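Worksheet: one structure, shown below.
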Amino acid sequence: MRLKSNLLLLTMPLFVSVPAIAQDSLIPELYGRININAEIMKPDSGDSESDIVSNASRLGVRGSKEISPGLELIYQIEYEVDPADGDISGQSFKQRNSFLGFEGAYGTILVGKHDTPLKETQNRIDLFNDMIGDIKNVVDGENRVNDIILYESPEYSGFHASLATIAGGQDSDFTSSISASVTYENELFYAALGLDSDVENRDVVRFVSQLYLGNLTLGALYQESEKTQVPGADKEDGTFVSAAYKVNKFTWKAQYGVSDEKAPGKEQLTAGFDYSLGDNTKLFTYITTFAADNSALENDHYGVGFEHRF
């Protein structure tokens, strides 16, 4: 009995110290999303094609640590994966938003790879984000860039501002490529202005608004884009609208975009619905149709799939 008592006394400090060590370390949170669907693509001319598609499924780790009162070190490493094909343009993993930064009373500053402030102004207007009906197929400015230094202000009475500078390599400095945004949001309304200056060889001005009307959400986007590497290039504009209506476990969705920015006369229409199986899981279906001045770009896509977040 005395031996057992002595062993207990010796081992108790080890068990007591484990929580203290854990609380004082940068313990990462593992998170991810699996989004997969079966799809049939029907071109206006030619045979139909079928595929199993992964829509930006991803894995990531993130975390934070208080390094002084009111100031935290934050980090995130995120990669796209493809459970369907195991291949993303010849890679097993494709880097997404990954950064190291600091967050405090005066805002957040990040360094790494990240969506630009202009891209983030779209908020939740893109109801089929990362899928074939993604807004990026019709408008410029949907950029996730390397070598970014991003500052995000604290929210003040619904207002929020972001400013990013992007290293451009040879013959450029940290002011060569700039992205910025100002947003305002309350319970009923969202509005944003985004600006890109020579980001991915484009100057872009974007306006976004959304209305939250109970179960109904309406959104609209208008922007102008100009190629910076083409002297005298004409400005091209793009328009995008979306609507979502929630009924019990169903969310009915539709969106339409038209722009010359990706191709002359390009139009995109997507409609479908989500069916919730829980807080983190849903089934979905969609129809996306493309039209353009070039008939070779015209095709229809039909899909049904599921998504799980963890």
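Inside region 93-132, residues that are touching a His at 6+ places or on another chain (Cβ under 8 Å) and more than 27 Å from residue 73 (Cα to Cα) make up a count of 1. Please find, within region 45-87, the residue that is farthest from residue 295 (Cα to Cα) out of those that are buried (at least 16 other Cβ atoms within 10 Å of the Cβ) and charged (D, E, K, R). Checked region 45-87; the qualifying residue farthest from residue 295 (Cα to Cα) is 62. One residue alone among 112, 107, 133 is on the phi > 0 side of the Ramachandran plot, at pLDDT 95 or above and within 17 Å of the chain's Cα centre (by Cα), and that residue is 112. Against the test of being within 19 Å of the chain's Cα centre (by Cα) and in contact (Cβ under 8 Å) with a residue 12 or more places away in the chain, the options 188, 211, 193, 216 yield a single qualifying residue, 193. Residue 165 - would you say it is surrounded by fewer than 14 Cβ atoms within 10 Å (Cβ to Cβ) and out of contact with any Lys or Arg (no Cβ under 9 Å at 6 or more places or on another chain)? Criteria not met by residue 165. Restrict the check to region 197-217 and report whether at least one residue is under 21 Å from residue 236 (Cβ atoms), crowded, with 20+ Cβ neighbours inside 10 Å, modelled with pLDDT of 95 or more and among the acidic types (Asp, Glu). Looking for residues that are under 21 Å from residue 236 (Cβ atoms), crowded, with 20+ Cβ neighbours inside 10 Å, modelled with pLDDT of 95 or more and among the acidic types (Asp, Glu), one finds none in region 197-217, hence no.
Here the condition is being within 23 Å of residue 301 (Cβ to Cβ), of a type outside the set (A, V, I, L, M, F, W, C) and either at pLDDT below 95 or in a strand (DSSP E or B) (or both); of 17, 45, 5, it holds for 45 alone.
For residue 194, the criteria (1) exposed (fewer than 15 other Cβ atoms within 10 Å of the Cβ); (2) part of a strand (DSSP E or B) hold in every case but one, which is (1).
For residue 199, the test of being more than 22 Å from the chain's Cα centre (by Cα) and aliphatic (A, V, I, L, M) is failed. Annotation note: of 101, 107, 90, 112, the sole residue that is surrounded by 15 or more Cβ atoms within 10 Å (Cβ to Cβ) and either free of Cβ contacts under 8 Å to residues at least 12 places away in the same chain or farther than 29 Å from residue 57 by Cα (or both) is 107. For residue 73, the conditions (1) closer than 20 Å to residue 145 by Cα; (2) assigned to a strand (DSSP E or B) are fulfilled apart from (1). For region 144-172, the candidate set comprises residues that are acidic (Asp, Glu) and not in a loop (DSSP other than H, G, I, E, B); within that set, the residue that is modelled with the highest pLDDT is 152. In the set (1) among the charged types (D, E, K, R); (2) part of a loop (DSSP other than H, G, I, E, B); (3) touching a residue at least 40 places away in the same chain (Cβ under 8 Å), residue 85 fails one condition alone, (3).
Yes/no per residue for (1) within 20 Å of the chain's Cα centre (by Cα); (2) assigned to a strand (DSSP E or B):
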| residue | (1), (2) |
| --- | --- |
| 230 | no, no |
| 246 | no, yes |
| 301 | no, yes |
| 305 | yes, yes |
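Among the numbered conditions (1) free of Cβ contacts under 8 Å to residues at least 12 places away in the same chain; (2) assigned to a strand (DSSP E or B); (3) not acidic (Asp, Glu), the only one that residue 252 does not meet is (1). Listed conditions (1) at positive phi; (2) not in a strand (DSSP E or B) are all met by residue 125, apart from (1).
For region 104-121, the set of residues classified as in a strand (DSSP E or B) and either in contact with a helix residue (DSSP H, G or I) (Cβ under 8 Å, 6 or more places away or on another chain) or among the acidic types (Asp, Glu) (or both) consists of 115 only.
Considering only residues of region 266-291 that are at pLDDT 95 or above and part of a loop (DSSP other than H, G, I, E, B), which is surrounded by the most Cβ atoms within 10 Å (Cβ to Cβ)? Residue satisfying both the conditions and the ranking: 277. Restricting attention to region 173-191 and to residues that are loosely packed, with under 12 Cβ neighbours inside 10 Å and of a type in the set (S, T, N, Q), the residue that is modelled with the highest pLDDT turns out to be 186.
The values are calculated or read from the model by the stated rules, or taken from the named source; none is laboratory data. These figures come from a predicted structure and were not determined experimentally. With ideal geometry, Cβ positions are generated from the backbone for all residues, glycine too; neighbour counts draw on all protein chains shown.
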